[in-house]
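Asker: The structure that follows is given in the form of structure tokens.
Nothing in this text is a laboratory measurement; each read-out follows from the coordinates by a stated rule. Since the structure is predicted, the reported quantities are computational estimates derived from the model, not experimental observations. Heads up, the Cβs are rebuilt from the backbone with ideal geometry, glycines too, and the neighbour counts pull from every protein chain shown.
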Amino acid sequence: MKIKLILIVICSFSPLLLLGLFIYGNAYYNDYHLKSSETTVKEFLEEFIDSSIQIMHFERIEETNMWLVQLKINDSQYGHARFNKGWNGKLKFIYLATDPSETYRQYKTNKGNYGTLYVHELDSNVAKIQLTNLMNFEKEVEVDTSAPFMKTFKLPPDAEDTFPAIFTFYDKTGQELR
């Protein structure tokens, strides 16, 4: 009698369980459907904003589940986009933002917190950028390349809120530029 009751309960809930798994799987597939390739991401973003873009940088933050894109829109405006990678190996679009010439963002990933400095246009005399905020967070970023560039760095565990940041620019001799 007990076995019959267990079989009836299992048979009653199996269709509901399968339906729930199907709905979850379908929703997940619709969210995480982009291949982690620069071409696929470029096509998706161009369709999303209905405009042509140029991808300046497309990279994964170390071994995390997050991918970042630095881009130029219509040869006139800069921005960045964020994607998360799912367990199926595909990417999910999170957001797209337009930026001024220098922007800093903090990201929480599955491997800790990271900061990313996006630089789109920069005076050629700049050798170092110092980021500071109201919570006494400071980070110096060496400029060893010409703009546009993005630099991502792991934040210390005790650095909780490092955004927004104030930028201070220095030349090769350590003199403040702006």
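Asker: Find, among the chymotrypsin sites (Phe, Trp or Tyr not before Pro) in segment 43-149, those assigned to loop by DSSP (not H, G, I, E, B) with at most 16 other beta-carbon atoms within 10 angstrom.
Answerer: Answer by residue number: W87.
Asker: Could you tally the net charge around T116, taking each other residue with its Cβ under 13 Å from the Cβ of T116, Lys/Arg +1 and Asp/Glu -1?
Answerer: Cβ neighbours under 13 Å give a net charge of +3.
Asker: So, one more: Give me the net charge of R60's neighbourhood, meaning all other residues with Cβ under 12 Å from the Cβ of R60; Lys, Arg count +1, Asp, Glu -1. Intermediate values should be presented prior to the final figure.
Answerer: Working: positive: R82, K85, K111; negative: E38, E59, E62, E63.
Within the 12 Å Cβ shell, the charges total -1.
Asker: If you average the C-alpha positions of segment 93-137 and of segment 143-174 separately, how far apart do those two centres end up, in angstrom?
Answerer: 6 Å
Asker: Which percent of Cα-Cα pairs in segment 38-170 sits in each 5 Å bin, short to long?
Answerer: Spelled out per bin, shortest first, that is 2, 10, 21, 20, 21, 14, 9, 3, 0.
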